[in-house]
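Below is one structure; the comments refer to it alone.
The values are calculated or read from the model by the stated rules, or taken from the named source; none is laboratory data. Since the structure is predicted, the reported quantities are computational estimates derived from the model, not experimental observations. Positions of Cβ are generated from backbone atoms using ideal geometry, with glycine treated the same way; all protein chains shown enter the neighbour counts.
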Amino acid sequence: MPVATPYKVPKGFLGTWRGPIDQDGSKDYSVIVTISSGIIGDSLGTVEYPELQCGGIWRLESGTTNSIRVTELIDTGSGCIDTVPITLILQDSQLRYYIDSPKVRGTLQRS
């Protein structure tokens with residue numbers, strides 16, 4: 001019986017991304033994220049929110065060829081909510097950033 005190959009983050013996601021974030025009921029802010037290779041359960045990147053003075057890591061939860069779902073774990077600063085699920089969609093050489101609650105949206109560019 002063949003062994004299933006574990007999901008790996010597609011190469012198109014890898015690298016450093018940055019861009020503006022729009023959060024309902026809040027002033028816009030920016031994000032800088034660096035995504036590394038990884039499999040489900042791995043810490044696959046670092047995230048920083050300069051204006052909020054906080055940052056942390058992203059843990060990979062699931063993925064497809066054009067989207068990944070991570071859990072954000074804040075480990076520096078106190079201006080961010082910890083343990084937040086985020087969906088990232090690779091579209092037209094941009095990374096779309098989505099949080100359902102509170103409603104947060106962003107479009108990140110490779111830097």
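Just a yes or no: is a residue in region 36-53 in contact (Cβ under 8 Å) with a residue 24 or more places away in the chain, in contact with a Pro (Cβ under 8 Å, 6 or more places away or on another chain) and not in a strand (DSSP E or B)?
yes
I'd like the full set of residues that are farther than 22 Å from S101 by Cα and either touching a Phe, Trp or Tyr at 6+ places or on another chain (Cβ under 7 Å) or buried (at least 16 other Cβ atoms within 10 Å of the Cβ) (or both), limited to region 44-73.
Across region 44-73, the qualifying residue is only L44.
Per-residue answers, yes or no, for (1) at pLDDT 95 or above; (2) in contact with a Gly (Cβ under 9 Å, 6 or more places away or on another chain); (3) closer than 24 Å to K27 by Cβ; (4) not basic (K, R):
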| residue | (1), (2), (3), (4) |
| --- | --- |
| V47 | yes, yes, yes, yes |
| G56 | yes, yes, yes, yes |
| E61 | yes, yes, no, yes |
| R69 | yes, yes, no, no |
| I74 | yes, yes, yes, yes |
| G79 | no, no, yes, yes |
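When region 1-41 is examined, which residues are found to be hydroxyl-bearing (S, T, Y) and within 16 Å of S62 (Cα to Cα)? Working first, answer last.
In the first step, residues of region 1-41 are kept if they are hydroxyl-bearing (S, T, Y); the result is 5, 7, 16, 26, 29-30, 34, 36-37.
Hits for region 1-41 are T5, Y7, S36, S37.
Identify the single condition in (1) in contact (Cβ under 8 Å) with a residue 40 or more places away in the chain; (2) surrounded by 15 or more Cβ atoms within 10 Å (Cβ to Cβ) that P20 does not satisfy, given that it satisfies every other one.
P20 satisfies all of (1) in contact (Cβ under 8 Å) with a residue 40 or more places away in the chain; (2) surrounded by 15 or more Cβ atoms within 10 Å (Cβ to Cβ) except (2).
Please specify each residue of region 56-94 satisfying the condition of being part of a loop (DSSP other than H, G, I, E, B) and of a type in the set (D, E, K, R).
The answer is D82, D92.
Quick check on region 4-17. Is at least one of its residues of a type in the set (K, R), under 19 Å from G106 (Cβ atoms) and either in contact (Cβ under 8 Å) with a residue 12 or more places away in the chain or surrounded by 13 or more Cβ atoms within 10 Å (Cβ to Cβ) (or both)?
No: zero hits.
Those residues that are under 12 Å from the mean Cα position of the chain (by Cα) and closer than 18 Å to T34 by Cβ, I need them from region 90-111; list them, please.
Answer for region 90-111, where residues must be under 12 Å from the mean Cα position of the chain (by Cα) and closer than 18 Å to T34 by Cβ: L90, L95, R96, Y97, G106, T107, L108.
How many residues does region 77-105 contain that are under 13 Å from I21 (Cβ atoms) and either of a type in the set (D, E, K, R) or in contact with a Pro (Cβ under 6 Å, 6 or more places away or on another chain) (or both)?
3
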